[in-house]
Structure formats: structure tokens, C-alpha cells
Amino acid sequence: MVAGVPHPREMAIDVVNRLQDHYGYLSDDSLALAAGLLEMTPLELEELATFYTFIYREPVGRYVIHVCDSVICWMEGGVNLVAHLLARLGIQLGETTADGLFTVLPVCCIGYCDRAPAILVNRKVHGPLTIESLDRLVDSLREDAA
Amino acid sequence: MSADYPQVLLKYRQPDRITTLEEYRQHGGYTALASVIQNGDPAPVKAVLADATLLGRGGAGFPAGVKLKTVADDAPHPRYVVCNADEMEPGTFKDRVFLHAEPHMLIEGMTLAAFSIRASHGIIFIRPEYESAARILEREIGLAREAGLVGENILGSDYGFNIVVHRSGGRYICGEVTAQLNALMGRRPNPKQPPPYATDKGLWAKPTLINNVETLACIPHIVNHGAQWFKDLALTPEAAGTKLFCVSGKVNRPGVYELPLGVKLSTIIEDCCGGMKNGARFKACLPGGASTGFMTAEHYDIAMDFDSLKKVGNRLGTGAIMVFDHHTCMVAATLNLTEFFARESCGWCTPCREGFPYLRDLLGRIENGQGEADMIPQIKTICRHLWKTYCAFAPGGVGPIESLLAHFEDEIMQHIEEKKCPFA
Ligand SMILES: Cc1cc2nc3c(=O)[nH]c(=O)nc-3n(C[C@H](O)[C@H](O)[C@H](O)COP(=O)(O)O)c2cc1C
Ligand code: SF4
Ligand code: FES
């Protein structure tokens, strides 16, 4: 991936994405490995890793659910939806379910305000959601994982 | 309806898929590029874009023709063209809808812009939430390359221009030009104050032109039909072109509508969006994304263009209209928007890093019934400080707060006096 690129570090996000796709998150070992490939120091890469929303420095569940909490989703009932989701999964925002299936994280407007309230599951958008359609979505994700 | 007005960018929009390369060519796509390449002279492209007074569609409204001209003829190579498809401003989704409709229009527009400054490298910077658009673009760039429309020796000429897609890791500040350059170079995306300007020393210290998706997409049409045609599209004499308005919030049909600049706000809300949801009353809107100010019913019939909004102390921004109804608490809405700016501040300069959390705290206390009257002047003071920050993020972020104070002081006072949110 970095071969033939004049400035390897411009590929930082792509390399991290690839590692995350494989391991789920960016571990210390992955970070050190990536930094080597990118001709950056681990610290330089850490500066990026801690800056971006979609780089996870801690283990996450098989499904990372980013719930939009910006103004349009808020106005369209996003708060109730998130409360329902968390209660159903038995976790708090930022946590992962004990079975390792779901992590729920807040995110700013994901650019689907015409489909508010909206969420991302592993970067795929779902919306507009109701409590019922959200329940169905969680059920189907569980089934897929089984 | 928007169909009552001339459609340019979304004329051939299909409900669920893109316009293919073949279809795009049938609609006259890539003829602008062909004629320009055949002619071989970049000067007329620059001239027609300058005459067309195409103002940047990414939020700042800077004239695209002027920006092109700042790349000096003898500037070093390689030169870059960056397409800003970050679109992280809350309420904004026009570029997403456009990219899922007409990817080749962007590719052609980018290539024309590149040709006019003799750039060889193109990069589309896109937010991670738009992975499907990123894949569409990569695929369609590949098809355009096979057809000889981008890549080496475009249409048999000696001119070459390659385009790649760069995925962001996701932070609002990456939409700001100088931060985006840092992001593209694998550096921490803090903004950097000019000079040097990007068109002078941008990516890897080489001349770099950055434009928004929609701005670039207008270029083929202007080249084909001329500057006067473009100006005549707008309803107000000072404005030029159509605009992709993305409307969200309390309307019946949220979505993206292509309308002439200068169209009335009331026309957009009533005719395009089917009016307010559940028979509610229009209370206010943010006319151009989260970093513009609330506009009340007083301006319900305002002409939506850059000048008209400037005249009432507001901004057209990205053309993202977020509509609030009379059931919505404006303090709570502003609190939510302030939370966004507090979270997304890049943290580089102190007033912004410290100011937004402070404002969020004050607004949060007012909303929760713990407000005091002296918080209002405190908020005003902090907002003033936020105009003196390192980049345009913070002055944008105080837009909703300052307009809340200007138009809804009664509502704030009601929270303070009743010691609770009157809408709860
Ligand atoms: C905090 C911040 C975020 C921005 N985000 C975007 C964005 O997502 N997309 C965009 O096109 N412009 C964005 N801009 C505006 C750009 O800095 C720049 O003006 C624009 O990309 C230039 O293109 P244009 O002239 O074609 O509009 C942002 C500006 C600021 C200050
Ligand atoms: S104003 Fe905010 S976003 Fe801009 S440089 Fe300062 S801290 Fe960063
Ligand atoms: S506010 Fe939730 S997608 Fe825009």
C-alpha cells in the first residue's frame, strides 16, 4: 500500500484502517508496525490516532455503533433512541457489551440529516430510525453474528 | 417544486443510482473537457470562470475564478487540485447526494480546474461516513481513466492528470483548507495561518487549489454555456448559478433541492419541502449550516443568496437549511450545537479550546434551570473572545450563540425566571 508513494505518511489513515479492519482496533503493536511502514515515529502516528474519531485505540465490539447526537437527530428524537439502545444492550455510551458484539459511541452529524435520527453500524448508515426499527436492526445483527 | 426551475447539477438525478459514464456522455458530459483539451489553452477556462462569478460552495463563498488566478503561471510543479468532500458541518449533506448522483460531473470539473492551472495530481478528500461515495468515486475514476478522460495523455493530448481518493479519519476541522492540507500529508490536522496560501505553497509546499465538490461540479457547465448563462440562472442580479440546498429539521420533505440562487426561503420550505411538519409554525432556521446564525420568521421571504444574507448579518454558508419549529427550545438547540463545537475544536488555540466548553456549561445550566441573569453578559464576553482565534472554526461556532442572544433573549430569560426549560 505504501509502495510507490512518494511520501508514505500520506497513507497513514489507509494503513490504520487496514489494520483496524483486521484486528478490530489499533493496538500498541499495530501502531508500532504501522509507524514503521509509514516512516513515522510511533508518537507521530499516535498524534493522529488520538485525533480522529474513527481510529479506535482500545478494543471494540464486532459492531461499532456510532449514534449521531447532533442537532437534527437530537430534534428528531435521537436521545430517546440512544437511551433505548443502551438500556437494551445493558451498557453505557463508550462501552462494549460483555459478549463483545456491540460498542456504542457518540458521533457528530454524519451527513444524513435528511434521514434523522440516523446511526452508523460499522460505517453503514441506518435511518430514519424508530425504536421498533432499531430493535429489528439489533436483532438482525445478532442473528448475523450467530 | 425544484423541477419548476432550471436544473443543472441534478438534472439527470436518478432515485437510487449514479448516472453512468455512458449516460453522462449522452447528456453532453466531457464535451467541455474535450473542447478545452483540443484548444489546448488554459487561459479561456480561467477567463470564463472569473466572468461567471462562481462563488465557492463550501461555506466561505470565495470567488473560484479569483482563486484560480492566484496560481502563478511560473509556479513550480507538481501542482495539485484537491476536492473538499469532507462535508462535516452539521446539517450539510448536499455533496453526499450529489456524489451519489453525478460522480463524473465532479471528475470532469476537477480535471478542467486542473487543466487551467496545469496541475498533474488530484485528490478527493472524503469523510469516513461517506465510504459508499468513496467507492463510487474510485470505480468511476477508473472507468474515466480507461476511457482516456483522466490519467496520462487525456484524450490523446500531452496533458495528464491523475485523481485519487483520500479517506479522512473523521474530524470536522479537516474541512478547513489548511487543516486539510496537514491531514493529507499525514500530519496532525491543525489549521495553519496563511501566508503562504495553499495556491502558493500547499501540499508538500507546492501550489494547491482546494475547492468544494459543488464548486468544481459547476465548471463543465460554465465552460459549455458561458458566464452570462450562469449568471442568468440566479434570480437576483448580484448572484450567479444554482445552489444545492439541503434542508433538514421540521419540514415534511427534507432533502437536497437544486434551486436558483436568490430563491425565497419560504418557497424552499413550502413548495419544495411541503411545508412544516405536523402543522407546526416556523420559528427559525440556520440558513447555511451549524456555523451560521439563527434567522427568524422576520426573514421568511428572504432571497437565499450570498449578498442578501450578508445584508441581514448572516451567511449563506453551505446552503444547509436547518428548520426549527415553535415546539423546539432554542436554548437546547444552541446547547446541542455548542456541544458540537466543543467536541470538534482541534484544541490548537486556547480561546476556542477553553471557550466552547465554558459556553456549553453556561448554556447547559440555563437549560437545566440553574441559570442566572448575569450569565448573559458572560456569554457575550466569551463570544467576543472567540472571534480572536487562530482559525475560522470558532467565529463560525459562535454564530448560533450570538444569534440566540440577539433573537431569543426572551426565551433565555424565561428559562432563568422559571428555573426550568419552558419546553420540557
Ligand atoms: C472549520 C471549517 C470546516 C470547513 N469544512 C468544509 C467542508 O467540509 N467542505 C468544504 O468544502 N469546505 C469546508 N470549509 C471551507 C473551506 O475552508 C474552504 O473555504 C472551501 O473548501 C473552499 O472551497 P470553495 O471555495 O469551493 O468553497 C470549512 C471551513 C472551516 C473553517
Ligand atoms: S479556532 Fe479552534 S479549531 Fe481553529 S485552530 Fe483554534 S482551537 Fe483549532
Ligand atoms: S444531525 Fe444527525 S445526521 Fe446530521
Pick out the one residue from A:Leu81, A:Leu48 that is within 16 Å of ligand 3 (Cβ to nearest atom) and either within 28 Å of A:Glu10 (Cα to Cα) or assigned by TED's automatic domain parsing to the domain that holds A:Arg115 (or both). A:Leu81
Within the group B:Ala144, B:Ala183, which residue is closer than 14 Å to B:Cys346 by Cβ and either open to solvent by less than 30 Å² (accessible area, probe 1.4 Å) or without any contact (Cβ under 8 Å) to a residue 12 or more places away in the chain (or both)? B:Ala183
Kindly indicate which of B:Gly274, B:Gly279, B:Gly226 is assigned by TED's automatic domain parsing to the domain that holds B:Tyr12 and open to solvent by 10 Å² or more (accessible area, probe 1.4 Å). B:Gly226
Given the conditions (1) more than 22 Å from the chain's Cα centre (by Cα); (2) on the phi < 0 side of the Ramachandran plot; (3) part of a loop (DSSP other than H, G, I, E, B), which single one is not true for B:Gly274? (2)
Among the listed residues B:Gly347, B:Gly289, B:Gly371, B:Gly355, identify the single one that is facing chain A (nearest Cβ under 10 Å) and more than 21 Å from the chain's Cα centre (by Cα). B:Gly347
Looking at segment B:125-139, I want the residues that are away from every other protein chain (no Cβ under 11 Å) and have a partner that is in a helix (DSSP H, G or I) and buried (at least 24 other Cβ atoms within 10 Å of the Cβ) with Cβ atoms under 7 Å, at least 6 apart or on another chain. Which pairs are those? B:Ile136/B:Leu99; B:Ile136/B:Pro103; B:Leu137/B:Leu99; B:Leu137/B:Pro103
B:Pro395 being within 16 Å of ligand 1 (Cβ to nearest atom), in a helix (DSSP H, G or I) and within 14 Å of another protein chain (Cβ to nearest Cβ): no
Report, by residue number, each residue of segment B:13-22 that is open to solvent by 40 Å² or more (accessible area, probe 1.4 Å) and either in contact (Cβ under 8 Å) with a residue 60 or more places away in the chain or not in a helix (DSSP H, G or I) (or both). B:Arg13, B:Gln14, B:Pro15, B:Asp16, B:Arg17, B:Thr20
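The values are calculated or read from the model by the stated rules, or taken from the named source; none is laboratory data. Here the structure is a predicted model, which is why all the values come from computation and not from measurement. Reconstructed Cβ throughout: ideal geometry from the backbone, glycine too, with neighbour counts over all protein chains shown. All accessible areas refer to the heavy atoms of the entire protein, side chains included, with ligands and DNA or RNA removed. Shrake-Rupley method; radii C 1.70, N 1.55, O 1.52, S 1.80 Å.
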